[in-house]
Structure formats: structure tokens, C-alpha cells
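Each reported figure results from applying straightforward, stated rules to the coordinates on display, with no laboratory input. Since we're looking at a predicted model, the values are computed, not measured. Counting neighbours? That spans all protein chains shown, and the Cβs are built from the backbone with ideal geometry, glycine included.
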Amino acid sequence: MSNLIDTRTPLETTHLPAQFVGREAEQDALNDAFSVEDESCLPNFHVYGPRGTGKTHLLQRFLTTFPPTFTTCYISGIHQDTQYKALERLYQLLTGTKLGTGHHIADIQRKVEEQVTLPTVIVVDEVDFLLLDDGDDLLYFLTRLENTAVITVSANQPTIKDEMDDRTYSSFQPQHLTLNRYTPNAARQILADRARKALQPESLQRDALTYITTTTQNISIGLTWLREAVETAEEQINTELVQEVEVAAYHKYVRMLLNRFTTHHRRLYNTIARLEQERDAPLTTGTVYREYSGRCESAGVAPLSERRISDFLTHLELLDLIEASYHYGGPMGKTREIQLVDWNSHGSEETE
DNA sequence: CGTCCACCGGAAAATAGGGAGG
DNA sequence: CCTCCCTATTTTCCGGTGGACG
């Protein structure tokens, strides 16, 4: 640990600074939409923005702006990836008591409905992971509650209409809010702001920070990178050092994302990363699975089935860790062509 | 025109566990 | 404790896809 640090907290991804730089317009949009006199017709929202654009931050902050005459709930589709888990968590947030597994969905829905007495705002973050399962039923239930606003959040779907049943969407009818990727300049301001609060003065060179934010505008990656640099630095953080820790920093970011999943997810990701280094030929699902399977064997672990791994690949795709182009037949058969996301060219090239 | 590639992805079943009521 | 219902996680099964190539 170096002596550059005053306090580490502002560099943590989960830290909510006193001021929220760069998303004033979006905050205003939410505030305006929710400043209605009639609390029984709160608006629904779907918020879209790539990873590291401040969605979670924006909404967690937004939830704190409500007076005690409101109930606010935050759930994440990564941890609550089924209707049951989401409802159980909701009940726990509302009452403070855990239900455990084994109950009927309908019972929990009724219990939750009974608890929703105040006007309520529910944020469903990472909604894509819920929609892979029975998230549609959950959203149908939530959007039909009285006095309740539902805000879905996605890093993958600009609009959510195609992902849900017609009946769910017609009951949801969200307004849309999009968070565009930060410009390198905006990203630099945000990171500089955090660094100023966390570090000794003059310990971070301007060029070093610029290098980070021209490489990635994902604030989450940027903060991880900065932390990595701080931990490695002897006296000062310069561009050379930042470049040195570039790969390690991204690995930490990946590990942070995948910590919320299983060891098989992590093994799968590592398998793909290794295969991509070793081979030139495009990777398809079968190749990846066979290699993953072999790695399990040599680690003395039973490999999961190909069907299951197919789902896990979709998870990695939703996390923006891999890219897959789908072949639904043709000379290659029905398969996916898989590659790692080229994270350090985000922003420099933008394909339309 | 038929066949083949190779696995997508829906559906059902297997397995392991919990809660409530008799 | 038994039964019957539930959930969670995973496996098994398999119809279907569309361009190339004979």
C-alpha cells in the first residue's frame, strides 16, 4: 500500500460522491417526471446506458430523494434472477423479515401487495438477467400494483418492448431515459474529482489520467484502473505506470463483475481468454465447451452440460465481457462465434 | 433438390431442498 | 414424521435453422 492515499473510499466503485458530476440533465428528467401531484399515478421508466455510465449510481441517488411518505426498493437482476427471489427480496425490504424458499409465488405476491401501502418506487437493475427467466411475470405483477412506479435498468436494451409480453408492456408503458457514454473529457473530470478527494495533491499526473479516459469511458473500469495504479505507485502516478497496470486493472474489473456469478462462469471466461490467445480461427461454442470441459477434468471438477454453458455464455455477453455473432444455420451450422470484447478501444471507434 | 453442418434454445424431467398441515 | 406442495439448479431430449455442396 502506498502513501499517496488520504482516503481510499472515493475511488471505490460503490462510493456515492456528494456531487454527481455529469448527469444533471438525467436527474432533472427523473425529478420532473416524478413531481406529480397525484401520487397514485407515478410514471414508469426504462433506463438504458452502457456499462459504466452511471445508471446504478443515478437511480440509487434518485431513490434517496424521496421523503418517508414513500417506499423505495432497489433490486438487481444479477442477484435476484428469478421472480421468486425478487419477490422474496422485496418482501424483506418492506418488512425486514426473510421468507426463505418453499412458498407459493402467489402467496408472496399477496404478502407483498399487502405491504405496499405507501406510494412505492421500485428499481429493477440489470433487468436483462431477470428476463432470461420469469422476469416477465414479475414485471407484470409489479406494474399492476397500485401507487407503484417501476424503473427497469438495462445495459443492453435501449428499449424493452421486444423483451416482454405485450400484456406486460401495455401495463408497463415506460418513459425512456438514455445515458450516453461519457466523452473522454467528461470521464476525466469524474475520475479527477474522485482522485482529488482520495489522493495526496500532485500525486496523479494529468497525462496519466488522460491516458485512462481516452482508453475507456467506462467509469467502473476507470476507477478500478486508478485504484490499481495507486496500489502500485511509489511516488507518483504517471502514464508509464498506468500503462503498466492496464491489463491487471482490467482483470480486476472482470473479477469484480464475475464475483457475483459462479466459479463455472469464471472458468468459462478464462477458457475463452486463453483460447483467443492461442488460436487464430474463430471460436465457436463447441470449441469453447470442449476446452472448458477439459479444464474441469484436470481440475477434478465435474463440468456442467453444454446446454447450461450456453446460458452462461449469454450471461458473459450481457456483462459485455464477450461478443457473440449468431449463426442460425448456414455452412457453419447453428452456433455462435465468440470473442472477447475489445474493451480498450471503446470510444475510439464507434460502429453505427 | 437433398443432405449436412453444429448447436440454439424451448420444454420437460431429474435431483435436492424448504414450508405447512395433518 | 409424512405428504404434498413449492423453489433452484442442472441434465436430457430434440426439433429446427439456412447456406454450401454434391
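With each pseudo-label sitting 7 Å past Cα toward Cβ, what's the A:ASP32-A:THR263 distance in nm, one decimal?
Label-label distance for A:ASP32 and A:THR263, simple model: 5.2 nm.
Less than 26 Å apart at the alpha-carbon level, and either on another chain or at least 8 residues along: which lysines does that give for A:LYS85?
A:LYS55, A:LYS98, A:LYS111, A:LYS161
I'd like the Karplus ³J(HN,Hα) series for the range A:35-41: coefficients 6.51, -1.76, 1.60, θ = phi - 60°, whole numbers in Hz, and an x wherever there's a Gly or Pro.
8, 9, 6, 7, 6, 8, 10
Under 18 Å between alpha carbons, and skipping anything fewer than 8 positions from A:LYS197 in its own chain: which aspartates and glutamates qualify?
Partners within reach: A:ASP6, A:GLU12, A:GLU228, A:GLU231, A:GLU235.
In terms of modelled amide H atoms, which long-range or inter-chain residues lie less than 5 Å from the amide H of A:ALA149?
A:THR120, A:VAL121, A:ILE122
In whole Hz and in residue order, list the ³J(HN,Hα) couplings for the range A:192-209 that follow from phi through the Karplus curve 6.51 cos²θ - 1.76 cosθ + 1.60, θ = phi - 60°; x for Gly and Pro.
4, 4, 5, 5, 4, 6, 9, 10, 4, x, 6, 7, 10, 6, 4, 4, 4, 5
Please find, in a Gaussian network model of chain A (springs between Cα atoms separated by less than 10 Å), the residue of A:ALA281, A:ALA187, A:ALA195 whose mean-square fluctuation is greatest.
A:ALA281
Comparing A:ARG290, A:ARG188, A:ARG227, which has the greatest mean-square fluctuation in the GNM of chain A with Cα pairs linked when under 10 Å apart?
Looking only at A:ARG290, A:ARG188, A:ARG227, the largest GNM fluctuation is found for A:ARG290.
Compute the distance from the alpha-carbon center of the range A:167-195 to that of the range A:17-93, in whole Å.
Using only Cα atoms to place each centre, the spacing works out to 12 Å.
Could you tell me which of rounded, prolate or oblate describes the range A:103-144, using a ≥ b ≥ c as the square roots of the eigenvalues of the alpha-carbon gyration tensor, with rounded for a/c under 1.5 and, failing that, prolate when a/b is larger than b/c and oblate otherwise?
In terms of gyration-tensor shape, oblate.
Per residue of the range A:312-324, in order, report the coupling 6.51 cos²θ - 1.76 cosθ + 1.60 (Karplus, θ = phi - 60°) as ³J(HN,Hα) in whole Hz, putting x for Gly and Pro.
For the range A:312-324, the Karplus curve yields 5, 4, 4, 4, 4, 5, 5, 7, 6, 9, 10, 10, 9 Hz.
Test of understanding: what is the full-extension gain from A:THR232 to A:ARG144, defined as 0.36 nm times their sequence separation minus their Cα-Cα distance?
Full-extension gain reported as 26.5 nm.
At what distance in nm do the modelled label points of A:ARG206 and A:ARG295 sit from each other, each positioned 7 Å from its Cα along Cα→Cβ?
In this crude label model, A:ARG206 to A:ARG295 measures out at 4.3 nm.
Stretched out fully, how many nm does the piece from A:THR314 to A:THR13 gain, at 0.36 nm a residue minus the Cα gap?
105.9 nm
Per 0.36 nm of contour for each residue apart, how much would the distance between A:GLN243 and A:LYS161 grow if the chain were fully extended, relative to their Cα-Cα spacing?
Result: 25.4 nm gained on full extension.
Need one number: % antiparallel among DSSP beta bridges in chain A, to the nearest 5.
Restricted to chain A, the bridges split so that about 30 percent are antiparallel.
Sort chain A into rounded, prolate or oblate with this rule: let a ≥ b ≥ c be the square roots of the eigenvalues of the Cα gyration tensor; rounded if a/c is under 1.5, and if a/c is not under 1.5, prolate when a/b is larger than b/c, oblate otherwise.
Oblate shape, in that a/c is at least 1.5 and b/c is the bigger or equal ratio.
Based on the Cβ-Cβ distance of A:THR69 and A:ARG196, what FRET efficiency does E = 1/(1 + (r/R0)^6) give at R0 = 35 Å, to the nearest 0.05?
0.40
Please list, in order, the residues from the range A:150-174 whose amide nitrogen is less than 11 Å from a point placed 7 Å along the Cα→Cβ vector of A:LEU93.
A:150-152
Sequence-distant or interchain residues sharing an amide H contact under 5 Å with A:ASP134, placed H: which?
Here the answer is A:GLN83, since their amide H atoms fall under 5 Å of that of A:ASP134.
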